[in-house]
Amino acid sequence: MHAGGFSVDWPRFRYTMDPLSTRATREAFVTLHRAGLIYRGERMVNWDPRLRTALSDLEVLHSEEDGELLYLRYPWADGTPGGIEVATVRPETLFGDVAVAVHPDDDRHRAEVGRAVVVPLAGRTVPVIADPAVDPAFGAGALKITPRHDLVDREIASRHPELVVPVEIFDESGHLAGPWVPEAYRGLDRDAARTRAIEALEGAGQLLRRVPYRHTVARSERSEVPIEPRLSTQWFVRMAPLAAPVVDAVRRGEIRIHPERWSRTFFRWMEEIQDWCISRQVIWGHPIPVYYCAACGEATAAADRPAACPACRGTDLRADPDVLDTWFTSWLWPFAALGWPEPTALLDRYYPTSVLVTGRDIMFFWVARMMMAGYRFTGRPPFSDVYFTGMLRDEQGRRMSKHLGNSPDPIEIIRSRGADALRFSLVFPNPTDEDGPFGPAALDGARNFLTKLWNLVRFTLPHVPPGTMPPYRPPAVGRTGALENRWILSRYQRTVAEVERALLAFEPTRAATALHSFVWHDLADRYVEISKEALSGTRGDPLRRETQAVLLFVVERSLRMLHPFVPHVTEELWHALPHPEGFLDAAAWPRPSEVDPDPISEVEMAPVLEAIHLLRNLRAEEKVAAGATPRAWIRPAGPEVARIVAAERATIARLAQVTGPDLLDAGTPPPVPAAGRVAPLGECFLERSPVAPGTTETLERERAKLSQLLQRTRDRLADPGFRARAPPEVVREAEEKAAELEERIARIDDHLKESASSAGSR
Ligand SMILES: [Zn+2]
């Protein structure tokens, strides 16, 4: 098993650059090329001038940034005074202008269409043209047209064949270059060229005004520099024909997306899908399997380098210098990792796969493309379900990133806290399909839970009847068994059913929450405490045996259900119990049908648990000394509660450490001064201990301490940042703490009042 607790198929270790991946990648390229789904073309691509490579649309981030809109005058070529006013955010691109365009219906400019203007600084003469794509509301309604550096400009120019063919004005690293760039600007990067151009335009009186302007800037995700739209020859995959069968498959439920809400995002992208630029000008990657004939120029796509040109038999063949986008290998993964294109036994056995678990940030980079490749190359879906997890945030609610350096090292966490604590903290208490904070608090919670589980098994071990042999059958307790045994089996049954429902619905957090609550509260806290006496044998041997069987069964089955969440600890603990051959990993999953639900036991147990809880609280409030067993009374809400309390009196007395509880008739007060609480079961009373002389001072000190604590908790809750960032569990805890502190202060006030009045009467 991997340190993180994943069952990895180590003998089939694969890597995206190994020979089998190379084979699959080349095969996929050649197949699509033959089908006319890969083409080479001159396109406007997203160019990263720092990394000097084309990028796909997905690798570009768009953000609103503050800039400047410059109004320039392009003077008339015939020497008439004035000129046309052009607005631009990128004056350094004017060297690439081939026209100035206005809207055909724009009355301000109608008479100017067909006239010639001089491009400032460049000195070339270009025409004023009319085109419906111009937005008359932008600037003064006239647009400079730089077809090699703007997609809209390129479309406009394509409708005007009379224009001169544009020349590139930037080199691959984003520096100005080429015959249209004046000597003084060549070799300058975009920023330096912009500064120099603005100065020169100002000097020439051609810069009319500068206006602050907020606009969208496209930046490279990796290098963060602004993208330079650049016309270049690249390889593309035609995506629409690949996307269509996937959209159909998801619509008819052949592949299901969880949580379902993400399918909307998925469809939106798939239905507007653009061709995929797959060539990259970087060193690392699979070479594009295309060979050019030096003699006749023929381009041949082939999985293996051909010996000769198929057109002219020439042997001087040059490989394409570019490499493929790494996703072009990754999108083949579900079947390429199993040996495709060979028809292997592994493919037969394991393809299609079942569930893909991943982050939604790669929904389009990877998930959608795997689906497209699956249907295209194998005719089948690569998996039946996709589960998108949430994205972890730090405790301040920020996304984790290399840039911020706020991402903890999982190996470090595994070393210091254990792999299981890490795993459990990822599903509990944060909902796994939402973005949630992650940090020491979540890890502490997980580790405390594991300690609880460890102690539970340690408690169970001495009570395992000698000679117990697996597999354990559900103990036959029936309706005549002890209430606590019937109750814990029913609670167990309910938990198995809930965990099964949650897992089938792809809601692992719901499953983890149900298990956490059952194991911690019902099993370890309540059941273990209640069953201690039966296990000691003082209530007879049959009950002892029944209780031992129930405890062992429920603990063992809980370990099975917790195994996927905390595999290391559960495997270890399971081996401490009598267990069948092999590993817990391979043991059968508990079925809800193994045990019958027993709702009556839960209804009957409720007032017992409630009475214990209330009396314990009263004990704490009344500052009952440890070991003391004050008298307690219950005034039941009805005859049914009266019957249950009478039957379970010993359990209540033992767990709440009280004498009694005795039943009171309606309207009858406790015979001595008592503190009381009202609850659904009725009223609980605890004998009030007289305030000893000298305690007033102690109580006042205590009150001051509690008030301080309360103030701190309230301040924390009043901080909107805390409420926004802390996990809901932590906020809830703080709220409960505040309520509890208020309650305790009120109790002290009662005591103080009482002792004041008794002092006064003395
Ligand atoms: Zn040739």
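The values are calculated or read from the model by the stated rules, or taken from the named source; none is laboratory data. As the structure is a prediction and not an experimental result, all values here were calculated from the model. Positions of Cβ are generated from backbone atoms using ideal geometry, with glycine treated the same way; all protein chains shown enter the neighbour counts. Each accessible area value is taken on the protein alone, full model and side chains, heavy atoms only, with ligands, DNA and RNA left out. Shrake-Rupley method; radii C 1.70, N 1.55, O 1.52, S 1.80 Å.
Using the Cβ-Cβ distance between ARG251 and ARG380 with R0 set to 22 Å, the FRET efficiency works out to roughly 0.85.
Per atom type, the range 342-475 shows carbon and sulfur on 55% of its accessible surface, probed at 1.4 Å. Normalised per residue, the accessible area of the range 614-667 is 47 Å², obtained with a 1.4 Å probe and no contribution from ligands, DNA or RNA. Taking every Cα-Cα distance in the range 276-326 and sorting them into 10 Å bins from zero, the calculated P(r) comes out as 29, 45, 24, 2 percent. At a probe radius of 1.4 angstrom, the accessible area of the range 178-219 per residue rounds to 60 square angstrom.
Inter-part distance, the range 277-311 to the range 153-229, computed on C-alpha centroids, equals 33 Å. Once the C-beta distance of VAL672 and ALA606 is scaled by a Förster radius of 22 Å, the resulting FRET efficiency is 0.20 to the nearest 0.05. Decide, for the range 555-687, between rounded, prolate and oblate: order the square roots of the alpha carbon gyration tensor eigenvalues as a ≥ b ≥ c, take rounded if a/c falls under 1.5, and otherwise choose prolate if a/b is larger than b/c, else oblate. It is prolate, given that a/c is not under 1.5 and a/b is the larger ratio. Restricting the calculation to Cα atoms, the chain shows an Rg/Rh of 1.13 when the hydrodynamic-style radius is the Kirkwood one. Given 20 °C and 1.002 mPa s, compute D for the range 6-103 with the Stokes-Einstein relation, Rh being the Kirkwood radius over Cα pairs; round to the nearest whole µm²/s. Using the Kirkwood radius from Cα pairs, D works out to 108 µm²/s. Surface composition of the range 169-241: carbon and sulfur atoms hold 49% of the protein heavy-atom accessible area at a 1.4 Å probe.
So what's the angle, to the nearest 10 degrees on a 0 to 90 scale, between helix 567-576 and the longest Cα principal axis of the chain? In the chain, helix 567-576 runs at an angle near 30 degrees to the longest axis.
Taken along the Cα-to-beta-carbon direction at a fixed 7 Å, the label points for ASP596 and LEU20 span 5.2 nm.
Could you tell me the calculated FRET efficiency between ARG701 and TRP520, based on Cβ-Cβ distance and R0 = 51 angstrom, to the nearest 0.05?
According to the calculation, E is roughly 0.90.
When you filter the GluC sites (Glu not before Pro) in the range 531-608 for DSSP loop state and at most 12 other Cβ atoms inside 10 Å of their Cβ, you are left with GLU581.
Charged neighbours of SER354, selected by a Cβ distance under 14 Å, balance to +1 (K, R count +1; D, E count -1). The C-alpha atoms of the chain define a longest principal axis, and helix 240-251 lies at about 20 degrees to it.
Starting from the 7 Å offset along Cα-to-Cβ, what nm value, one decimal, do you get for the label separation of ARG214 and LEU346? Taking the simple label geometry, ARG214 and LEU346 are separated by 5.3 nm. Here the range 605-762 exposes an accessible surface that is 55 percent carbon and sulfur, computed with a 1.4 Å probe and the other protein chains kept in place.
Partnerless cysteines in the chain, where a partner means another cysteine C-beta under 4.7 angstrom, comprise CYS277, CYS684. Could you give the length gained on full extension between GLU65 and THR538, defined as 0.36 nm per residue of separation minus the Cα-Cα distance, in nm? So the chain would gain 162.6 nm between GLU65 and THR538.
The GluC sites (Glu not before Pro) found in the range 168-249 that occupy coil by DSSP, while having at most 15 further C-beta atoms within 10 Å, are GLU221, GLU224.
Please identify the chymotrypsin sites (Phe, Trp or Tyr not before Pro) of the range 311-389 that satisfy two criteria: DSSP loop assignment and at most 15 other Cβ atoms within 10 Å. Which are they?
none
Accessible surface computed residue by residue for the range 1-124, with neighbouring protein chains in place and a 1.4 Å probe, gives 47 Å² per residue. Each Cα pair under 8 Å and six or more residues apart adds its separation to the average, and for the chain the resulting relative contact order is 9 percent. Length available on full extension from ARG186 to GLU743: 0.36 nm per residue minus the Cα-Cα distance, which gives 192.7 nm. Please report the relative contact order for the range 339-409, taking Cα pairs under 8 Å with a sequence separation of at least 6, and give it as a percent rounded to a whole number. In percent, rounded to a whole number, it is 31. With every protein chain in place and a 1.4 angstrom probe, the accessible-area ranking of ASP189, ASP106, largest first, reads ASP189, ASP106. Helix 262-271: angle to the longest alpha-carbon principal axis of the chain, degrees 0 to 90, nearest 10? That helix lies at roughly 10 degrees to the long axis.
Modelled spin-label separation between ARG108 and ARG52, with each label point placed 7 Å from Cα along the Cα-to-Cβ direction: 4.3 nm.
When the residues LYS144, LYS402 are ordered by accessible surface, computed with a 1.4 Å probe over the protein chains alone, the sequence from largest down reads LYS402, LYS144.
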